[in-house]
Amino acid sequence: MSYGIRHIAEITTGSFLQFRGDDPIEHLLLDSRRLIFPDTSLFFAVKGPRRDGRQFMEELYKRGVRNFVVDAWDGEEGLAGANVIRVDNVLEALQCLTAFHRRQFSLPVIGITGSNGKTTVKEWLNQLLEDEYQIVRSPKSYNSQIGVPLSVWQLNASHELAIFEAGISRRGEMQRLAEIIRPTIGVFTNIGEAHSEGFSGRAEKAAEKLQLFRDAEVLIYSSDQPEVVNAVKEWAGKAVLFTWGRNDPGATVRIDAVVRNGAVTRVSASYLGQTIFFDIPFTDDASIENIMHCICVLLYLGRPAEQINLRLQQLTPIAMRLELKGGINHCSIINDSYSADLSSLSIALDFLSGQQQHSKRAVILSDFLESGLDEKKLYTTIARALAQKKIDRLVGIGTHISAHADVFAKWFSGVSVFFPSVEDFKKDLHSLHFRDETILLKGARVFEFEEIDRLLSEQIHQTVMEINLNAMTANLGQYRQRLPPATRLMAMVKAFSYGSGSFEIASRLQRDGVDYLGVAYADEGVVLRKAGIHMPIMVMNTENSSFDLLVAYNLEPVVYSFGLLDPFDRWLKKEGVLNFPVHIELETGMNRLGFPTDEIDALIRALKHANFKIQSVFSHLAASEEAQQDDYTHLQAGIYRAAVARLQEALPYPFLRHIANSAAIIRHPDLRLDMVRLGIGLYGVDSADSHQLELQDVSTLKSTIAQIKRLKEGETVGYNRRGIAGKDTVIATVRIGYADGYPRSLGNGVGKMWVNGRLAPVIGSVCMDMTMIDISGITDVREGDEVVIFGKELSVNQLAHWAQTIPYEILTGVSGRVKRVYFEE
């Protein structure tokens, strides 16, 4: 469905600052990196906390976009022949347009909100209902003030059911989302601590969320949630209340019993005077709660319990993330094989485009089923998307995509090959010669691309470190929002990005728009340059042997002594290199590296004749995280400011000043200056212990249980028989040891691991490759089960405390043999 640009101007009450013609609009664009269809896209120049969308308009114009919505425009050159609509508020115009679009359709719409479980409930409802309805749903976790409009814009005449989720973080937001979604069926999952900072308490947050359902026909929620129940009592909505719970005899669906048996949970309930049973293929409390919401939706829609129970057996865990990992023959594999639709394909292609480690990109696609579009139009759209993203080759799997090989031949210039089934692909895999390329797997669930994933993935040790790229971006935002708009940000990616990875982390930070990267040594910077990182990189520990690498790969060295300055200057002059960018480090009290204050005059004389262009002058704070050391921090800052003033007076051009690290960004706002250096905070550790930040765990270290043993009282465990069973004991041997970075100091009950929702203490000494834990009293533990060493359930701070060290050492100590798997939710 498309709208003329004139009609859009009317809908948004905008006025044309420049008009070229009534262009048809099919696609809404807010991120220049996600452009696929320039001729039918409308760019909304939304202002963010640090970036104004208008600064990307000229670039988008050069790439073919001719339609823009702005709140101000000076008639910049380079946009001749474009439609430019002026509105009072760009975000509100986007919401107004999509609210109008929603009103053009009369169909059942399930709206979901709550603190947790929104995306899971949405995806499981889709699995349970997709055989009955042509469904449109929110892509991934698109539930924000921007995500909801983009989700609803997908609606077209072929859809029979919509499922949208809505999330809020402050007062007043839900009313706008309610206008856009207009749900007929409401699901309120629960109320918790997530995004609580914008509200006075849970009660206010629950009341705000309820505004989504003001015009809904029915509201489904758990009557075991007291905050939700109390909020509903005060609510002015007219919806029928459909409740479920164990503790409420008046619940619409009363839970009588919950019995776990192996991997299945049987729920017995009373509904409309009858006893009904559901066998849920999960045993954890969160999954049972989410599935009960889904069951109530189906009961409300009139589906019999027997039919619902059959469908429940088809439910699969929700893989709400893109995974990036190593593959065969030096390939990188992006696994997004749990769904195949145009919205999620766009997200996946964007993620693929952000990977610069290989020059070649391949996409393996299955048939796109139940899109509601004419198949020729569907595969034309896909072919054009692949061409726009400059994909080198396509492997199509399925009879439908194969039948449209001619469409890809017309619109896609890369190499295409098609197979009727996964089995046919597997037979010919050897002939495809995947090597040194990034491969995206994108397939509908029925195609079971997991087999392809296993074939293409590098065989890995079962201990893995999972890196949540969304969490890292969120952490970056937590610090950014505290910086003045003009203050730049350097992200420290030294020491393998605090154990998290190399180019994978740098690629994300480059995409997120940080201003600088900081590495420890030149060879780390070389790896990033070879992986396609083009942003400025500062090398902290410059070595005389690396001069040629610095120049060859445009890496900006830190110069901290005359023993480095003089030979590097001579080398540059010998090579004929002029005005090479460098950074000057000053010693202000850390007593590690840097020019001391009594050498400033000599430094000024040397810099006046050197072949350098000074990019920045900085220093290191020794104890910015400790309140008892604030006097010393202020002393360092005073020494630094005085030295910088002398340098700036002597040099004929300005340079950047920076001294604030992660802790100082929060604790010493006066030291943010021209740039800050964000290190451990980026990875989810609040080194200032400020309690001002909502940081997320970026890294999760996991392993699996190799074997379970039952010991009699008095039996011993491990080397030197250090572990002794004080009673009959059940132990599990976990596939991690000190060679993987698990500290040996955590042996003999000092450390613990997270197993099935419980902490299990280490018993005996930590071995090189294995560690034994006491799982006595923890139920339903099996060989092969997952064990969390640190992550959301067990923080790296806690692990470091047990080991009597700091989180930095734990994170950077995780061995290179532990495979890193990167994902984007």
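I763 passes all but one of (1) over 27 Å from Y498 (Cβ atoms); (2) touching a residue at least 60 places away in the same chain (Cβ under 8 Å); (3) crowded, with 18+ Cβ neighbours inside 10 Å; which number fails?
Only one criterion is unmet by I763, namely (2).
Could you check F43 against (1) at pLDDT below 95; (2) within 25 Å of the chain's Cα centre (by Cα); (3) not small (G, A, S) and say which number it fails?
(1)
Residues checked against (1) buried (at least 16 other Cβ atoms within 10 Å of the Cβ); (2) under 19 Å from S287 (Cα atoms); (3) in contact with a Lys or Arg (Cβ under 9 Å, 6 or more places away or on another chain):
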position	(1), (2), (3)
E204	no, no, yes
T252	yes, no, no
N261	no, yes, no
V267	yes, yes, no
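Given I364, I333, which one is closer than 17 Å to F823 by Cβ, surrounded by 21 or more Cβ atoms within 10 Å (Cβ to Cβ), in contact with a Gly (Cβ under 8 Å, 6 or more places away or on another chain) and among the β-branched types (V, I, T)?
One residue alone meets the criteria, I333.
Of R511, R445, which residue is under 21 Å from the mean Cα position of the chain (by Cα), more than 30 Å from A739 (Cα to Cα) and modelled with pLDDT under 90?
Working: R445 fails: under 21 Å from the mean Cα position of the chain (by Cα).
Sole residue among the options that is under 21 Å from the mean Cα position of the chain (by Cα), more than 30 Å from A739 (Cα to Cα) and modelled with pLDDT under 90: R511.
Just to check your reading of the model, which residue among A602, A606, A643, A663 is open to solvent by less than 10 Å² (accessible area, probe 1.4 Å), over 24 Å from V685 (Cα atoms) and not in a strand (DSSP E or B)? Can you show your working first?
Numbers: A602 fails: open to solvent by less than 10 Å² (accessible area, probe 1.4 Å); A606 fails: open to solvent by less than 10 Å² (accessible area, probe 1.4 Å); A663 fails: over 24 Å from V685 (Cα atoms).
Residue meeting the stated conditions: A643.
Looking only at the range 519-564, count how many residues are open to solvent by less than 10 Å² (accessible area, probe 1.4 Å) and of a type in the set (K, R).
Residues in the range 519-564 being open to solvent by less than 10 Å² (accessible area, probe 1.4 Å) and of a type in the set (K, R): 0 in total.
Kindly provide the set of residues from the range 565-597 that are closer than 19 Å to A637 by Cβ, within 41 Å of the chain's Cα centre (by Cα) and either surrounded by 17 or more Cβ atoms within 10 Å (Cβ to Cβ) or modelled with pLDDT of 95 or more (or both), ordered by number. Show your work before the answer.
To start, the set of residues in the range 565-597 that are closer than 19 Å to A637 by Cβ comprises 583-597.
Those left that are additionally within 41 Å of the chain's Cα centre (by Cα): 583-595.
H583, I584, E585, L586, E587, T588, G589, L593, G594, F595, listed by residue number.
Which condition number in (1) open to solvent by less than 30 Å² (accessible area, probe 1.4 Å); (2) in contact (Cβ under 8 Å) with a residue 60 or more places away in the chain is the one that T771 fails?
Going through the list (1) open to solvent by less than 30 Å² (accessible area, probe 1.4 Å); (2) in contact (Cβ under 8 Å) with a residue 60 or more places away in the chain, T771 breaks only (2).
Pairs under 6 Å by beta carbon, first residue within 16 Å of V514 (Cα to Cα) in the range 48-63, partner loosely packed, with under 12 Cβ neighbours inside 10 Å and of a type in the set (S, T, N, Q), six or more apart or different chains?
Partner pairs satisfying both residue conditions: P49/Q481.
Which residues, taken from the range 716-769, are assigned to a strand (DSSP E or B), under 29 Å from the mean Cα position of the chain (by Cα) and hydrophobic (A, V, I, L, M, F, W, C)?
V734, M753, W754, V755, L759
Checking the structure you have, find out if any residue of the range 226-240 is in a strand (DSSP E or B) and under 29 Å from L212 (Cα atoms).
So far as the range 226-240 goes, yes, one or more of its residues are in a strand (DSSP E or B) and under 29 Å from L212 (Cα atoms).
What residue, among those in the range 448-472 that are at negative phi and exposed (fewer than 14 other Cβ atoms within 10 Å of the Cβ), is modelled with the lowest pLDDT? Working first, answer last.
Going through the range 448-472, the residues at negative phi turn out to be 449-472.
Next cut, exposed (fewer than 14 other Cβ atoms within 10 Å of the Cβ) only: 454, 459.
Details: R454: 85, Q459: 66.
Within the range 448-472, the match that is modelled with the lowest pLDDT is Q459.
Identify, please: which residue in the range 302-314 is surrounded by fewer than 16 Cβ atoms within 10 Å (Cβ to Cβ) and free of Cβ contacts under 8 Å to residues at least 24 places away in the same chain and is, among those, nearest to A263 (Cα to Cα)?
That would be L310.
Restricted to the range 380-434, and to residues that are of a type in the set (S, T, Y) and farther than 20 Å from R361 by Cβ, which residue is most open to solvent (accessible area, probe 1.4 Å)?
To start, the set of residues in the range 380-434 that are of a type in the set (S, T, Y) comprises 380-381, 399, 402, 413, 416, 421, 431.
From what's left, farther than 20 Å from R361 by Cβ: 380, 399, 402, 421.
On the way: T380: 28, T399: 90, S402: 35, S421: 37 Å².
By that ranking, first place goes to T399.
Here are some conditions: (1) open to solvent by less than 30 Å² (accessible area, probe 1.4 Å); (2) modelled with pLDDT of 95 or more; (3) more than 30 Å from Q313 (Cβ to Cβ). I163 meets all but one. Which one does it not meet?
Result: I163 fails condition (3) only.
Name the residues in the range 6-32 that are under 17 Å from S343 (Cα atoms) and outside any helix (DSSP H, G or I), would you? Steps first, please.
As a first pass, look at the range 6-32 and keep what is under 17 Å from S343 (Cα atoms): 25-32.
Hits for the range 6-32 are I25, E26, H27, L28, L29, L30, D31.
Against the condition touching a strand residue (DSSP E or B) at 6+ places or on another chain (Cβ under 6 Å), among the acidic types (D, E) and in contact (Cβ under 8 Å) with a residue 24 or more places away in the chain, how does E323 come out, does it pass? Please lay out each step first, then the result.
Numbers: touching a strand residue (DSSP E or B) at 6+ places or on another chain (Cβ under 6 Å): yes; among the acidic types (D, E): yes; in contact (Cβ under 8 Å) with a residue 24 or more places away in the chain: yes.
Yes.
Can you pull out the helices (runs of 4 or more DSSP H) entirely within the range 458-575 that have at least 3 residues that are among the hydrophobic types (A, V, I, L, M, F, W, C)? If you could, list the steps in order and put the result at the bottom.
Details: elements: 469-480, 494-498, 503-511, 522-530, 547-552, 562-575.
The qualifying helices (runs of 4 or more DSSP H) are 469-480, 503-511, 522-530, 547-552, 562-575.
Can you find a residue that is in contact (Cβ under 8 Å) with a residue 40 or more places away in the chain, among the β-branched types (V, I, T) and in contact with a Phe, Trp or Tyr (Cβ under 9 Å, 6 or more places away or on another chain) anywhere in the range 579-589?
yes
Report every pair of residues separated by at least 6 positions or lying on different chains whose Cβ atoms are under 7 Å apart, first residue within the range 718-747 and touching a residue at least 60 places away in the same chain (Cβ under 8 Å), second acidic (D, E) and open to solvent by 60 Å² or more (accessible area, probe 1.4 Å).
Here the result reads A739/D769, each pair linking the range 718-747 to a residue that is acidic (D, E) and open to solvent by 60 Å² or more (accessible area, probe 1.4 Å).
Can you pull out every residue in the range 482-518 that is crowded, with 23+ Cβ neighbours inside 10 Å, closer than 12 Å to R677 by Cα and among the β-branched types (V, I, T)?
V493 - this is the single residue of the range 482-518 that is crowded, with 23+ Cβ neighbours inside 10 Å, closer than 12 Å to R677 by Cα and among the β-branched types (V, I, T).
The values are calculated or read from the model by the stated rules, or taken from the named source; none is laboratory data. In this text, all values refer to a predicted model and were calculated from it rather than measured experimentally. Because the Cβ atoms are built from the backbone with ideal geometry, glycine has one as well, and the counts that use them run over all protein chains shown. Side chains included, ligands, DNA and RNA excluded: accessible areas come from the protein's heavy atoms. Shrake-Rupley method; radii C 1.70, N 1.55, O 1.52, S 1.80 Å.
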